[in-house]
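Working notes, structure below.
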Amino acid sequence: NEPPPIARPRVLIGGMGEQRTLPLVARYGDACNLFDVPDHGATLRHKLDVLARACDTVGRDPDTVEITLSTRLGDGETTSQLTDRAAALGDLGVDHLVFVTTGPWQTGRDLDVLFDAAEPLHAIARAPRREEPPATAHGRS
């Protein structure tokens, strides 16, 4: 078959626990989903530092862990503000943003902001900062 099947599913572990979850990510996770706390990135920077130390403990390069972040649009956040925020999160090491809502997505403000931000967000996306995991004969390892 083309393309060949992946050797195994990639594992994303969500959570921010410093004693169990982040060390688990360091040992076994291909990706880690963190949560966007509205404190100008202080919590995110701290959790990324904890993850880096956990990776060091097990002899793993922390840049091999993809970082995803669950986030919401801020009250009244504009397309421009969202684009700037996404760029800043990328600079902190976030690879993917996962937008969540408290209920069903509805047409109107939030969906309009996300729709309008799609092109600017795509434009600011740059070559991956992190080295991609090596490919194997059967896909990603």
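Quick one: which residue in Thr64, Thr83 is out of contact with any helix residue (DSSP H, G or I) (no Cβ under 7 Å at 6 or more places or on another chain) and of a type in the set (S, T, N, Q)?
On inspection, the qualifying residue turns out to be Thr64.
Name, by its number, the condition in (1) closer than 19 Å to Asp95 by Cα; (2) open to solvent by 50 Å² or more (accessible area, probe 1.4 Å) that does not hold for Ile13.
Only one criterion is unmet by Ile13, namely (2).
Looking at Val25, Val65, which one is buried (at least 17 other Cβ atoms within 10 Å of the Cβ) and under 23 Å from Ala125 (Cα atoms)?
It is Val65.
On the basis of being open to solvent by 30 Å² or more (accessible area, probe 1.4 Å), under 12 Å from the mean Cα position of the chain (by Cα) and closer than 17 Å to His122 by Cβ, does Asp84 make the cut?
No.
For the range 115-134: of the residues being under 24 Å from Leu12 (Cα atoms) and open to solvent by less than 50 Å² (accessible area, probe 1.4 Å), which is modelled with the highest pLDDT?
So, considering only residues that are under 24 Å from Leu12 (Cα atoms) and open to solvent by less than 50 Å² (accessible area, probe 1.4 Å), the one modelled with the highest pLDDT is Leu121.
The values are calculated or read from the model by the stated rules, or taken from the named source; none is laboratory data. These figures come from a predicted structure and were not determined experimentally. Neighbour counts run over all protein chains shown; Cβ positions are idealised from the backbone, glycine included. Heavy atoms of the whole protein, side chains included, go into the accessibility calculation; ligands, DNA and RNA do not. Shrake-Rupley method; radii C 1.70, N 1.55, O 1.52, S 1.80 Å.
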